[in-house]
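Every number in this text was worked out from the coordinates using simple rules, so none of it is lab data. Note that the structure is predicted; figures quoted are calculated from it, not measured. Because the Cβ atoms are built from the backbone with ideal geometry, glycine has one as well, and the counts that use them run over all protein chains shown.
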Amino acid sequence: MIKTRAASVSIPVIAIVGPTGVGKSHVADLVAAAMRSEVISADAMQVYRGMDIGTAKMPAAQRRAPLRLIDIVDPTESYSAALYQKDARQHIERLLADGSVPVVCGGTGLYVRAALDDCVFPPGEKGDRRRRRYEALAARKGDQAVYDLLARRDPDSALAIHPHNVRRVIRALEMLDQGVSYAERRSHLTKIEPVYDTVYFGLAMERSALYRRIESRVDAMIAAGLIAEVQQLVNEGVADALTSRQAIGYNEIIQYLMGEQTMEASIAAIKMRTRRYAKRQMSWFGRDQRIEWIHMDELRVEEAAHMIVEKMGRSYDSFSSGIHRAHS
């Protein structure tokens, strides 16, 4: 565990969090450019290559600052919060050592916590014999069989996991084999012990306005070629991986491509699942008292970024200079 740079360090980390669709990526990009630093993505789906439109990755041509921890694994590869913790802290340590202010940005609450707080994850890698055994059980007898096994061995953990989330059910069984209860570990996440001196900013929006924005963004993703992107991934043989991850947007389009539902139903399902995901994100981050909230209802992303930069003690001139240099 890295604890070499704790609260005594004068250079802070900036964390920009909030629900999907609120404008985090653009604000973080502007802030990092003004700070002459980099953005470290904390998004569990943007780590995967080829999943660009559906995960709302900022196109390279639009970025003003380097963006780290996107496109680092293939959709068929296993990636976890533990691996993310290691990767994110390497970037944070590098930037701090260079005297730069790291900007961590994302809506995956567990990834933000993994990077910045004292979270310990049990070992367990793809290909481990225990995992192979449970995966074989799921393939032979179905997802319910492994869930029932977890319910018998650790009822509290079973209550905390949806029966259809077979990857998490298997992970909980692996943890039990290692002497750790998923439910107990999950409860420890409420105990916050920071590893870095971090200033948290949350972007928020009135719920109905956010939902309208989400629905418009889904329509824009369809127009931008989401169906073709998913078809390409299906052609590459990664449909099973996308479906098992329940990747919002990809799973629904796969159902359309397989003739299991209409295009209209798929789009409606994407919008519904995204709204529900945004609601869960707001609940997660809403419990963190460290976050200073910025309401985006009447703010442009440039104004929000300017506010953050000024709150960090930088002047408007510094902000403008940073943006200018990033473009040059």
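Based on alpha-carbon positions alone, could you give the equivalent ellipsoid semi-axes of the range 129-188 from the gyration tensor, as √(5λ), descending, whole Å?
Details: eigenvalues 63, 31, 14 Å².
Calculated on Cα positions only, the semi-axes equal 18, 12, 8 Å.
Residue order for GLU38, GLU135, GLU215, fewest other beta carbons within 10 angstrom first, comes to GLU135, GLU215, GLU38. The long axis of helix 226-235 is offset from the longest Cα principal axis of the chain by roughly 50 degrees. Per-residue Karplus couplings for the range 94-103, computed as 6.51 cos²θ - 1.76 cosθ + 1.60 with θ equal to phi - 60°, are listed in order as 4, 5, 4, 5, 8, x, 9, 9, x, 10 Hz, Gly and Pro entered as x.
Take every Cα pair under 8 Å whose residues are at least 6 apart in sequence, average their separation, divide by the length of the range 160-258, and the relative contact order is 21 percent.
Using 15 Å as the cut-off for backbone N distance, which residues of the range 83-123 belong to the label zone defined by a point 7 Å from the Cα of ARG280 along Cα→Cβ? Only 107-112 pass the distance filter. Here the gap between ARG185 and ASP219, fully extended at 0.36 nm per residue and compared with their Cα-Cα distance, gives a gain of 8.4 nm. Note on the chain: dipole from Cβ charges, positive end direction compared against LEU137, VAL301, GLN255; the farthest Cα belongs to LEU137. Each listed q (0.07, 0.09 Å⁻¹) maps to a log10 I(q)/I(0) for the chain, found by the Debye formula over equal Cα scatterers with no solvent: -0.30, -0.50. Which one of GLY54, THR198, ALA82 is farthest out on the positive end of the charge dipole of the chain, using unit charges on Cβ (Lys, Arg +1; Asp, Glu -1) and the Cα centre as origin? Working it through, the farthest residue towards the positive pole turns out to be ALA82.
Extension gain for the segment LYS86 to ARG300, taken as residue separation times 0.36 nm less the Cα-Cα distance, is 73.7 nm to one decimal. With helices as the sole contributors, the chain gives -16000 deg cm²/dmol at 222 nm; each DSSP H run of n ≥ 4 counts as -39500 (n - 2.57), and the sum is divided by every residue. Note: relative contact order over the range 129-188, using C-alpha pairs below 8 Å and six or more positions apart, is 31 percent. A simple rule links phi to the HN-Hα coupling: the Karplus curve 6.51 cos²θ - 1.76 cosθ + 1.60 with θ = phi - 60°, which for the range 160-168 gives 8, 10, 5, x, 8, 8, 5, 5, 6 Hz, with x for Gly and Pro. For TRP293, nonlocal amide neighbours, meaning residues 5 or more places apart or on other chains whose placed amide H falls under 5 Å from its own, are GLY202. In this calculation the C-beta distance from THR262 to ARG94 is compared with R0 = 45 Å, giving a FRET efficiency of 0.40.
In the range 287-316, what trypsin sites (Lys or Arg not before Pro) fall in a loop by DSSP, with at most 16 other Cβ atoms inside 10 Å?
On the way: sites: ARG287, ARG290, ARG300, LYS311, ARG314; in loops: ARG287, ARG290, ARG300, ARG314.
Those satisfying the criteria are ARG287, ARG290, ARG300.
Were the residues from ARG133 through ASP288 laid out at 0.36 nm apart, the gain over their Cα-Cα distance would be 52.0 nm. Go through MET175, ILE227, ALA28 and say which Cα lies farthest out towards the positive end of the charge dipole of the chain; charges sit on Cβ, +1 for Lys and Arg, -1 for Asp and Glu. The residue sitting most towards the positive pole is MET175.
For the chain, set up a GNM with springs between Cα atoms under 10 Å and report which of VAL31, VAL146, VAL218 has the largest fluctuation. Greatest mean-square fluctuation among the candidates belongs to VAL146. With neighbours defined as other Cβ atoms within 10 Å of a residue's Cβ, the residues VAL120, VAL195 order from fewest to most as VAL120, VAL195.
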